[in-house]
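What follows is one structure encoded as structure tokens, with my remarks underneath.
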Amino acid sequence: MKIFGYAILLFSIAAAPAFASNFAIPSNAKSSGDLVGSSHWTWSHDSGTPGSSVGSSHYPESSPSLDGKAREFYMSYSDKSGERFSLSFAHDAQATHFVYDTYVYIDDPSQLANLELDMNQVMSNGKTVLFAFQCSSYSGSWEYATVSSNHPHWHSSGLACNPKKWAANKWHHVQIASHRNSSGDVTYDWVNLDGDYKTVNKTGYSAIDLHWSAGDLNLNFQLDGADSRGSIKMYADKLVIHYW
């Protein structure tokens, strides 16, 4: 199985509901604003996956869209390959808690083996913390990544999730919460899919040497194909990262 383009997903519990029942973003949190319209998106084949993939992205898409300006992510692939869509969106080495909050719309979920939603943060010591979370058809669960010997590895959270079972041509709201400590240990706190809130509560070491600039904040969408060849079209809207 592939390993993402290194990213962070962070979040923690607060008071009073804001976007998930009984949880909220604290008043001191920063917001990225809606990132789908950024002109800095890039995409590439994930070399950690087999086969080949070719991606493209287009903005704005008026339909389907929640606000008239969604972003399309498209890939064609062979041999269960993966395409990674990435964005560098802010600079903050001190933040320890993040919320990855987005809506996604998939035309043919049967083509999608994994939907990976990640972030990266470079701490002040130069270590890049990976906050990596995905819905996987292989394990049928939400998976999280940890790092050992400077390589990331996926683990099942034990919470059921299979992107092939997501309803086609429908908007799905995904929220992922996690946080880190100063050593690079990441705790995945909870995940919320279409209002189905589940506590994750999984912790592992997740820092890696990538020699990136301190404070870099990046995010990824990754689409992994499920067949010997095929194509996937996904739309994202209202993609916001909250961090503090």
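The values are calculated or read from the model by the stated rules, or taken from the named source; none is laboratory data. Just so it is clear, the model here is predicted, and its values are computed rather than measured. Here the Cβ is made from the backbone with ideal geometry for all residues, glycine too, and neighbour counts use every protein chain on show.
Restricting attention to the range 55-78, the residues that are within 27 Å of residue 228 (Cα to Cα) and either touching a Gly at 6+ places or on another chain (Cβ under 9 Å) or surrounded by 15 or more Cβ atoms within 10 Å (Cβ to Cβ) (or both) add up to 10.
Results for (1) touching a residue at least 40 places away in the same chain (Cβ under 8 Å); (2) in contact with a helix residue (DSSP H, G or I) (Cβ under 7 Å, 6 or more places away or on another chain), shown as yes or no for each residue.
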| site | (1), (2) |
| --- | --- |
| 47 | no, no |
| 54 | no, no |
| 76 | yes, no |
| 87 | yes, no |
| 112 | yes, yes |
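The lone criterion from (1) touching a residue at least 60 places away in the same chain (Cβ under 8 Å); (2) touching a Lys or Arg at 6+ places or on another chain (Cβ under 8 Å) left unmet by residue 178 is number (2).
In the range 1-47, how many are at pLDDT 50 or above and closer than 23 Å to residue 205 by Cβ?
Number of matching residues: 1.
For the range 138-164, filtered to residues that are surrounded by fewer than 20 Cβ atoms within 10 Å (Cβ to Cβ) and not in a strand (DSSP E or B), the residue that is nearest to the chain's Cα centre (by Cα) is 162. Of everything listed in (1) more than 15 Å from residue 121 (Cα to Cα); (2) touching a strand residue (DSSP E or B) at 6+ places or on another chain (Cβ under 6 Å); (3) in contact (Cβ under 8 Å) with a residue 24 or more places away in the chain, the single unmet condition for residue 194 is (3). Per this entry, residue 183 is counted among residues that are at pLDDT 95 or above, part of a loop (DSSP other than H, G, I, E, B) and of a type outside the set (D, E, K, R). Every test in (1) within 21 Å of residue 209 (Cα to Cα); (2) modelled with pLDDT of 95 or more is passed by residue 107 save one, and that test is (1).
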